[in-house]
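The values are calculated or read from the model by the stated rules, or taken from the named source; none is laboratory data. In this text the structure is predicted, and so the values were computed from the model without any measurement. Here Cβ is always computed from backbone atoms with ideal geometry, including for glycine, and neighbour counts include all displayed protein chains. Accessible surface is based on the protein model in full, side chains and every heavy atom, while ligands, DNA and RNA are left aside. Shrake-Rupley method; radii C 1.70, N 1.55, O 1.52, S 1.80 Å.
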Amino acid sequence: MGSPVEEAAPPTDDPAAGAPRADGHAPPEPSPGLPAEAVVDLDAISGNAGVLRGRLGGAQLMAVVKADGYGHGAVPAARAALAGGAAWLGVAHVHEALALRRAGISAPVLAWLLTPGLDLTAAVAADVDLSVAAPWSLGEVAAAARVTGRTASIHLEVDTGMSRGGASPALWADLLDAVAGHVAEGSVRVRGTWAHFASADTPGDASVDAQLEAFSGAVAVARARGVDPGLLHHANSPAALFDPRARFDLARCGIALYGLSPAPHVASSVQLGLVPAMTLTARLAHVRSVPADAGVSYGLTHRTPRATTLGLVPVGYGDGLPRHASSRPGGGGAVLVAGRRRPVLGRVCMDQVVVDLGGEAPAPGEPVVLFGAGEAAGRPAEPTAQDWAEAAGTIAYEVVTRIGPRVPRRWTGGTA
Ligand SMILES: *Cc1c(COP(=O)(O)O)cnc(C)c1O
């Protein structure tokens, strides 16, 4: 390890034209004493909410903060989204909605994934809206409303073609009749009617047209049965961004809020004006030289073609880094060290991953960015969650959401 530690210098490449915040500032580093940290830029989340609002015309934005805000922290992400113009919050599970209420968040919240036997009384008492797609959930919500002496707010979910959740078309009319009975008795009020797209990330896909048509039909059936469908919502991030017909009264956006493109083959974050909010940082744990033909990591799947230097990054699949991003000819993950992109060598381990420092020998402790805002922050060399997704054959949603509890979160920006 003869060469001196390279100065951490900003990248020399020009920031991309049209980058929303091409400041080229140094990326975040882990807090002192931590091997790794996920730093979440709440101003980016607020800004992304504003960008989405701008794309929605008159429709309102529901910020989807399920799965701990896609790994970004549900409560801080929710606050940042509300500050940026979101009017609603959306989660999958009732317990996720209650955690928002416990944190003092009073904005409208919808929880859409019920299972039989949940205690729904706390949700009804805390004014959490609940999705209903079948007689059993209607019955359980109405029972909780009676226990609490309140009227439960429900959103009716209809399947328009994805065959996931939602009442199937054949059972929709019967569900509506049952709903009408409960509305008349005062146990429930219908606040919304909704469905979910299967392929909105492929603009122009025929299934989008078919789902929109099925949705119009389902709404017409509701009105014909005397049920006011309330707020209509069908769009996720890609539909909200790419299809004005899909926006209705409310759009449920998750991934775009966190600054990642829902359809990178259509438009990148930068092209959409979004800034990735999460930066996964670490510090080099070890720096060493190896000769040519050294085998690296489990299975020795990589052999160094020439003498080089290696850096050990203390993050692995136990932290949620995808093992599928292990190196292979022409592929694999990469990290940023001192302004330069450095490829992963060999397999991603549970706790660590080896990167090729290309003959440089920064000191142990040198900050590393596994992924961050990249080009959107004027740092084009910096890998993004999208880059890791491509390296691992998955989607950026999975990369950020799976960063696990072993990685501490730190939130920057925002009003806190
Ligand atoms: C997760 C989810 C969303 C958000 O999807 P994005 O593509 O992240 O915007 C919207 N609606 C439902 C029902 C979801 O499960």
Probe 1.4 Å, accessible area per residue of the range 326-416, Å²: 39
Accessible carbon and sulfur surface of the chain relative to its total accessible area, %, 1.4 Å: 54
Whole-number accessible area per residue in Å² for the range 91-250, which is evaluated in the context of all protein chains at 1.4 Å: 41
Cα-based Rg of the chain normalised by 2.2 N^0.38 Å, two decimals: 1.10
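How large is the helix-only mean residue ellipticity at 222 nm for the chain, computed as the sum of -39500 (n - 2.57) over DSSP H runs with n ≥ 4, divided by its residue count, in deg cm²/dmol to the nearest 500? Please list the in-between numbers first.
Details: 12 runs with 117 residues, N = 416.
Calculated from helices alone, the mean residue ellipticity at 222 nm is -8000 deg cm²/dmol.
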Overall dimensions of the range 42-264 as given by Cα atoms, namely Rg and Dmax in Å: 16.6, 48
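Would you mind finding the longest exposed-site-free stretch of the chain, with exposed trypsin sites (Lys or Arg not before Pro) meaning DSSP loop and at most 11 other Cβ atoms within 10 Å?
In the chain, the maximal stretch lacking such sites is 1-163.
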Semi-axis lengths (Å, descending) of the ellipsoid that matches the C-alpha gyration tensor of the range 271-333: 27, 15, 13
Cα pair distances of the range 236-283 binned at 10 Å [whole percent]: 27, 48, 20, 5, 1
